[in-house]
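Readers should treat all values here as calculations from the given coordinates under stated rules, not as data from a laboratory. Owing to the predicted nature of the structure, the values given are computational and were not obtained by experimental measurement. Ideal geometry is used to build each Cβ from the backbone, glycine not excepted, and the neighbour counts take in all protein chains shown.
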Amino acid sequence: MGMQVGTNKGVMVEPNVVPFIDVLLVLLIIFMVITPLTPKGLEALIPQPAPPDQKMSAADQRTVVISVNRDQTMLINQEPTDENRLGPRLEEIFKTRAERVVFVKGDPELEFQVVARVIDIAKGAGIDKVGLMTAKVEAGQ
């Protein structure tokens, strides 16, 4: 606190704000340091293709891929299915598996709402993680 002496009105007391500004600047620096600078996105699952000279292992054969064609027909690992049978079939496939991961491959000409409906059905069937496959990922690029 500072005091001024020598005025007609008597003693005036004014708060000294310099220490408050110092504390404010220190807090600002602390919050700037602890705030992450790089934004973190969503985690994505991308299946990795096997080398061409290697045969498929048992884990690769257990990979479940739901393919949605241009005419909205669906395949679970080359097994034809439809939207009504997709949920129960996925529950049947994954009832003995500990790892509940499925990949969805949609036709490029397809609207995303159809793929989103397949993802929703898979989540409703108890699938923990759903990955999206693209043509480049499937080609190994």
Would you mind checking which residues have amide H under 5 Å from LYS105's amide H? H placed 1.01 Å from N; only 5 or more apart, or other chain. ILE66, SER67, VAL68, MET133
Determine, for ARG70, ARG100, the number of other Cβ atoms within 10 Å of each Cβ, and report the residues in order from fewest to most. ARG70, ARG100
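Assign unit charges at the C-beta atoms only (+1 for Lys and Arg, -1 for Asp and Glu), then state the dipole size of segment 70-141 relative to its Cα centre in Debye, rounded to the nearest 20.
On the way: 11 positive and 13 negative charges, 58 e Å.
The dipole of segment 70-141 has a size of about 280 debye.
Above 16 Å lies some portion of the pair distances; for segment 58-139, what is it as a whole percent of all C-alpha pairs? Can you show the working numbers first?
Working: 1552 of 3321 pairs.
Here the tail beyond 16 Å accounts for 47 percent of pairs.
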Checking the cross-link filter: which aspartates and glutamates have an alpha carbon closer than 19 Å to that of LYS123, excluding same-chain neighbours under 8 positions apart? GLU43, ASP82, GLU83, GLU91, GLU92, GLU99
Label-point gap, in nm, between THR134 and PHE112 - each point 7 angstrom along Cα→Cβ: 1.2
Arranged by the count of other C-beta atoms within 10 angstrom, fewest first, what order do VAL18, VAL101, VAL68 take? VAL18, VAL101, VAL68
Along the charge dipole of segment 59-122, pointing to its positive end and built from +1/-1 on Cβ of Lys, Arg, Asp and Glu, which listed residue (THR81, VAL115, PHE103) has its Cα farthest out? PHE103
Calc'd 3J(HN,Hα), segment 19-32, phi into Karplus 6.51 cos²θ - 1.76 cosθ + 1.60 (θ = phi - 60°), Hz, glycine/Pro = x, comes to x, 5, 5, 4, 5, 4, 5, 5, 5, 4, 5, 4, 5, 5
By the Cα gyration tensor axes a ≥ b ≥ c (a/c under 1.5 gives rounded; else a/b larger than b/c gives prolate, otherwise oblate), the shape of segment 97-141 is oblate
